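The structure appears below as structure tokens.
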Amino acid sequence: MMGKYIDLRSDTVTWPTPAMRQAMAEAPVGDDVYGDDPTVNALEAFAAELLGKEAALFAVSGTMGNQLALMAQVGRGDEVILSERAHIVWHEAGAPAILAGAQLRCLPVRDGQMDLKQMEATIRKTPEDIHSPRTALICLENADSDGLVMTPDYLQAVRDLADRYKIPVHMDGARLFNAAAAGPLTAREIAAKVDSIQICLSKGLCAPVGSLLVGSADMIRIARRKRKILGGGMRQAGILAAAGLLALRDQRERLVVDHENARWLAAQLARYPDRFELLRQPSINMVFFRLKNHPVRPDHLADFLAAKNILINSHDEGVFRVVTHYWVTQEDLEQLVELLVS
Ligand SMILES: Cc1ncc(COP(=O)(O)O)c(C=O)c1O
């Protein structure tokens, strides 16, 4: 448990591990804008190697990583095809319009996947027509914010479609390693299906700050310049990268524990079908449910639990999302269940 609270609002709340704090204190550093920071260089090289790509770039946040992917691959007025539920659409403050100047073509999703026929119909077929915008990028999110993991067949089908029209594919892999822990594909196998991928170090992997954009050396060269434009050229960033290295080296494998904890919680709630409607079986570290005949009203549940030192976000149209992570134990979840079923 994290100090006073059991914090189930998100895996973004995770603190660095003691080993990370130690590594941060001892990290060799240099000026990363000169390319001199050995720890940042080691992190970028490690990430590129891990995902089987040519290069990587350390970014301040997942939002910055996604936006750099757009800025490096999309021209002003070009179109990006993506899910209408994507983080890029909902939670990045309209950045694609401001930074890349992109026009977003948002498609509905079912079970985390856009319909491929609809995706193909959305691709612009006449880029030479002066009236027509050009389709510059397809974006996927895996695992997505509904906790869904894309299937190998779907990833391959998107890849094939994108290749047919020579369109690059970017993946918002904020939770790529959760998707990999859920299987069947490894992180490297998933990354092989896309041209660029953004991975977050500061969610379930516990680093305090940072994401990486990973892809071709050419794309990363452009993104590095764009990062400078955004003021994201950091100096002795090795202090942060040191935690990131441990996140990538030591924290990936244990994400299965968070997934097991989520499944355990879901199983407990499923024992009370009169009180809870589970939206789906968890594939990753997220449990989604609605209250049915529960003594606490949905609007009051977050306050009710906060009074007992358990934090959850308030519901979104009746749906609660509880997120497990490194600092949440099964005993913590037992406390939650006890309160929810009493
Ligand atoms: C799917 C997804 N993409 C991107 C991000 C952005 O990451 P950051 O908060 O580091 O900007 C998040 C953050 O929660 C996310 O869930």
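The values are calculated or read from the model by the stated rules, or taken from the named source; none is laboratory data. In this text the structure is predicted, and so the values were computed from the model without any measurement. With ideal geometry, Cβ positions are generated from the backbone for all residues, glycine too; neighbour counts draw on all protein chains shown. For accessibility, only protein heavy atoms count, side chains too; no ligands or nucleic acids. Shrake-Rupley method; radii C 1.70, N 1.55, O 1.52, S 1.80 Å.
Annotations
- Selection from Leu161, Pro184, Leu137, by position along the positive dipole direction of the range 127-202 (Cβ): Pro184
- Hydrodynamic radius of the range 1-83 per Kirkwood, over alpha carbon pairs, in Å: 16.1
- Between helix 62-73 and the chain: long-axis angle, C-alpha atoms, 0 to 90°, nearest 10: 20
- Over all pairs of different C-alpha atoms in the range 189-278, the reciprocal of the mean inverse distance, the Kirkwood hydrodynamic radius, equals 16.1 Å.
- Integer Hz, Karplus 6.51/-1.76/1.60 couplings in order for the range 155-166, x for Gly and Pro: 4, 5, 5, 5, 4, 4, 5, 4, 5, 4, 9, 6
- Charge sum, other residues only, whose C-beta stays under 13 Å from His87's C-beta, Lys/Arg counted +1 and Asp/Glu -1: -3
- Averaging the sequence gap over all C-alpha pairs within less than 8 Å and six or more residues apart, then dividing by the number of residues, gives the chain a relative contact order of 25 percent.
- The share of alpha-carbon pairs in the range 41-82 lying farther apart than 15 Å comes to 54%.
- Rounded to the nearest 10 Å², the accessible area of Met150 at probe 1.4 Å: 20
- Using just its DSSP H runs of length 4 or more, each adding -39500 (n - 2.57), the chain gives a mean residue ellipticity at 222 nm of -12000 deg cm²/dmol after division by all residues.
- Within the range 199-316: Cβ-based charge dipole about Cα centre, in debye rounded to nearest 20 (Lys, Arg +1; Asp, Glu -1): 580
- Computed over the Cα atoms of the chain, pair by distinct pair, the Kirkwood hydrodynamic radius stands at 20.9 angstrom.
- Extreme residue, positive dipole direction of the range 171-227, given options Gly173, Ile199, Gly210 (C-beta unit charges): Gly210
- Put a plus charge on the Cβ of each Lys and Arg, a minus charge on the Cβ of each Asp and Glu, and nothing anywhere else: the dipole of the chain about its Cα centre is then about 360 debye.
- Lysine pairs meeting the criterion (Cα under 30 Å, 8 or more apart or interchain), as found in the chain: 26
- Think of the chain as having a plus end and a minus end, set by charges on the Cβ of Lys, Arg, Asp and Glu; of Phe289, Ser342, Phe58, Phe58 sits farthest toward the positive end of this dipole.
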